[in-house]
Each structure stands twice: as C-alpha cells, then as structure tokens.
Amino acid sequence: MRALFLLFLLALAAAAQDATVLKPARVFDGETSHEGWAVRVRGNRIEAAGPAASIDIANAKVIDLAGATLLPGLVEGHSHILLHPYNETPWNDQVMHEGLALRAARAVNHLRVTLLAGFTTVRDLGTEGAGYADVELKQAVNQGIVPGPRVLASTRAIVATGSYAPKGFALEFRVPQGAEEADGIDSLTRVVRDQIGHGADWIKLYGDYRWGVGPGARPTFSLDEMKLAVETAKSAGVPVAVHSSTPEGMRRAILAGAETIEHGDDGTPEVFKLMVEHNVALCPTLAAGDATSQYAGWKKGQGPEPRGITRKKASFKAALDAGVTILSGSDVGVFSHGDNARELEMMVEYGMTPVNALKSATSIAGRVLHMEIGTVKAGMLADLIAVDGDPTKEIAALRRVKFVMKNGTTYK
Ligand SMILES: [Zn+2]
C-alpha cells in the first residue's frame, strides 16, 4: 500500500515536471504577433499561451528565449526527401543509378537538417523511384530511430502511362519510371488503393507533364480518370494533390475534387478563380523554379530574366490577386534540404507580405493538411520553434533558428 502511494506521488511529480514554459520576446501564433507572450507545454500538447504574467510557471522548466520570436513549427507542403539537388546529380541519374539503401541513407540526413531548420512537418509528394521508402522513413522518425519532421507520405505517386520519365532510352527497353503508371478504371483504382495500402497519407497524381507534342506540358489524365482517383482515395479519407502547370490540367484537377494543386506555373486568372470557388489550395514551388533556372546558368540579378521565372512571377501574382489559398511548398530536393525557408523568402520576393508567407507555412498549412498543427494555442500539438529577430518584419529571420520542439520534444 505504502509502495503504491509512493508510486502515485512519483507519478504526480513526473506529471508536474513534465511542463515546459517558453519565454520568447514575442509569439507569432500562426495569425498575428503578440509581444511578451509565453507558452506552456505539457507532454506533446500546448497547454496554455498568453501574456507571460498569465502563464503558470510552477513546477515547469522555464526556457528563456530572449530576443526571439516563438512560432509554430514550419510546414513544408511539397518535399522530396528521397531526392538531392539536381546540380549535384541530375534527376535521371538519381532514379537510374542510385539504389534504395543509398537514397534512404541520404534521406536520413535530409530529415535531420529539415527538422533543425525549423520545419516540423513535411508533406512528401513522391519518392521518385524509391518505392515506399517515405513510409518507412516516417516509421523510423515516429519510432525515434532518426530525428526528423512529421512526414505525410504519398509513396510512389501516380502518372499516366507513357507520360513520365526517365525517357531517352532505346525504345525496346522498358525503363523503370520515377512514379507508378496507371490508367482507366481498373488500374487507376487498383493503384490508388495499393498506394493507400502501402501507407500513403496523400495521393499524388501528375495531371500534366512534358509529353506528346512539345514543347511544354500537356494534360495527362482525363477528367473522368481524376474523378475516379479522387473518389477512390476519398473512401479511405485520403486527399489528393495534383501536379499541374497547364490551365487545362489545373481545371481538371479542380473539377475532380483535388485538394491541392502543385506548381500552377501557367495558371490564368480564370483558373485561379475556379480554385477559389472549389476551395483548392495552391502549392507554388517558387524555389524549385528559381533553383533550376540557376542550374541552367542564370545568374540571379544579372542578365535577362528566364521566361520561366517571369511566367512564375505573373501566375503567382494572379493567384494572390484571385485570393487563392496558398500552402507553402518548395519542391525541396530539387535544391538542398534544410534550405526550405527559401520558399518563404521567395513568396515575399514575389509579392506576399511576410505575415501571409508565414501563415502559408503555419496556420493555413495546418488547415490544408487537416492536422492539429500550425497554431500556437491550447490543445494543439507542441510543434514550436524560435528564431532570432522578428520574421513578421524580416522573413530571413527564419534562417536564425535557435530552438526546435516537435511533439513536445526539444531537438535544438
Ligand atoms: Zn515535386
């Protein structure tokens, strides 16, 4: 009996000590900034957030973050954790010459640097030839084997037969593709279900790609095929993301019920209006285009701007003007993991306010991804970071990460 009582007291003490109080200069709660706020965390949840004087510090470990802004852990809406920068190794060679274990070994490093850069959640949109490794890496993170962000996996992603890559081999060879081919009622239904069965949190479809009569992208799946994929995924509660840059590919994705559109490079005001009407979010991936243009020889700020960049700036502005919901997503993997803040910097460079860019990677991201993250308020998951300075005034402050907590555990 006495032993039981002692255990009870020990449990009480453990529960009391479990709390942590974070005292930054200010808190950006996912919507607005509050000077002089503090946040109390217990277990893996935020217990309280408000003016420092109102936050109980009794029995809590207090972490002083003087001069820093505390904000929700950032969300990367579009990553490829199994790719590394194309100026190191072109995509084709990664897919064709780098084996699964090699790619997974790199990905472990990618996950760690992403987390330490303050990105506590990634939606990974396709392993690009690395099978279901994203699901297993997610398991490794969740089991505490390697440090990393929360991972939303989409496994192999789905392309229409003949539309994707690698290309350029002798035509009698059937070359393994960077995503899984499927078409029509039978195979598309089966592949969507199979990927969900393998652990896909999101289904990723390629709604257009560079194929057929070029140059440029052409639609791939028909509207009926996309509807079928969305309906099939919906039964399992799995949302669909569609890669699309052409107005027709985007239009089909919107009408089919996709929840996000990736890239949207050639989006028109009409298509963006349709996105707003159907509550579809855009993941603009500005940083990827910026990176590939520079790999192709463009020196930023020198010489004529590449057509792709001019086009991207114009379509991003049209999306903002139309009031499209923007989910911050960079296509990282094309460029270095851990450099994810580049997307937020570019959103500001292309016309967004720093606060709106931050919302795209926090509160809006939490909503679009259907997760209890992205907002600093009682009850939310304790994914919190602190950066030196004030990113609502200077977005580059996101580069100065001094504290990272995910799910109540401190990593930095
Ligand atoms: Zn991508």
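With respect to R190, determine if the residue is farther than 16 Å from A153 by Cα, within 16 Å of the ligand (Cβ to nearest atom) and surrounded by fewer than 20 Cβ atoms within 10 Å (Cβ to Cβ). Here the answer is no, as R190 does not meet what is asked.
Answer yes if at least one residue in the range 250-267 is β-branched (V, I, T) and away from the ligand (no atom under 16 Å from the Cβ), and no otherwise. Yes, that holds for at least one residue. Could you please let me know if I261 is more than 23 Å from G126 (Cα to Cα) and either out of contact with any Phe, Trp or Tyr (no Cβ under 9 Å at 6 or more places or on another chain) or aliphatic (A, V, I, L, M) (or both)? In short, no.
Mind checking whether some residue in the range 332-349 is crowded, with 24+ Cβ neighbours inside 10 Å and among the hydroxyl-bearing types (S, T, Y)? So far as the range 332-349 goes, no, none of its residues is crowded, with 24+ Cβ neighbours inside 10 Å and among the hydroxyl-bearing types (S, T, Y). When the range 17-55 is filtered for residues that are closer than 17 Å to A382 by Cα and not in a strand (DSSP E or B), the ones remaining, listed by number, are Q17, D18, A19, D29, G30, E31, G43, N44, I55. Applying the condition of being under 20 Å from the mean Cα position of the chain (by Cα) and acidic (D, E) to the range 238-275 and asking which residue is nearest to D331 (Cα to Cα) yields E262. When G99, G178, G144 are checked against the criterion of being in the same structural domain as G329 (by TED's automatic domain parsing) and on the phi > 0 side of the Ramachandran plot, G144 stands alone in meeting it.
When the range 117-136 is filtered for residues that are in contact with a Gly (Cβ under 7 Å, 6 or more places away or on another chain) and away from the ligand (no atom under 16 Å from the Cβ), the ones remaining, listed by number, are A117, G118, T120, T121, Y132, V135. Here the condition is being within 16 Å of the ligand (Cβ to nearest atom) and modelled with pLDDT of 95 or more; of W202, W211, it holds for W202 alone.
Given the residues A287, A365, which is the only one that is within 16 Å of the ligand (Cβ to nearest atom) and in a helix (DSSP H, G or I)?
Only one candidate qualifies: A287.
Let's see how each residue does on (1) in contact (Cβ under 8 Å) with a residue 40 or more places away in the chain; (2) buried (at least 18 other Cβ atoms within 10 Å of the Cβ):
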residue: V27; (1), (2): yes, yes
residue: E35; (1), (2): no, no
residue: R40; (1), (2): no, yes
residue: A53; (1), (2): no, no
residue: L65; (1), (2): yes, yes
residue: I81; (1), (2): yes, yes
residue: Y86; (1), (2): yes, yes
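Checking each residue in the range 257-316 for being crowded, with 17+ Cβ neighbours inside 10 Å and small (G, A, S) picks out G257, A258, G264, G267, A281, A287, A288, G289, A291, S293, S315. For the range 208-248, the tally of residues that are under 15 Å from I158 (Cα atoms), part of a strand (DSSP E or B) and not hydroxyl-bearing (S, T, Y) stands at 6. Touching a residue at least 12 places away in the same chain (Cβ under 8 Å) and in a loop (DSSP other than H, G, I, E, B) - does that describe any residue in the range 308-321? No, the range 308-321 contains no residue that is touching a residue at least 12 places away in the same chain (Cβ under 8 Å) and in a loop (DSSP other than H, G, I, E, B). Counting only residues that are at pLDDT 95 or above and either of a type in the set (S, T, Y) or farther than 27 Å from A397 by Cβ (or both), the range 47-86 holds 7 of them.
For the range 294-316, the condition holds for no residue, the condition being that it is β-branched (V, I, T) and either touching a His at 6+ places or on another chain (Cβ under 6 Å) or under 23 Å from A365 (Cβ atoms) (or both).
The values are calculated or read from the model by the stated rules, or taken from the named source; none is laboratory data. If you're wondering where the values come from, they're calculated on a predicted model, not measured in any experiment. Cβ sites come from the backbone with ideal geometry, for glycine too, and all protein chains shown count toward neighbours.
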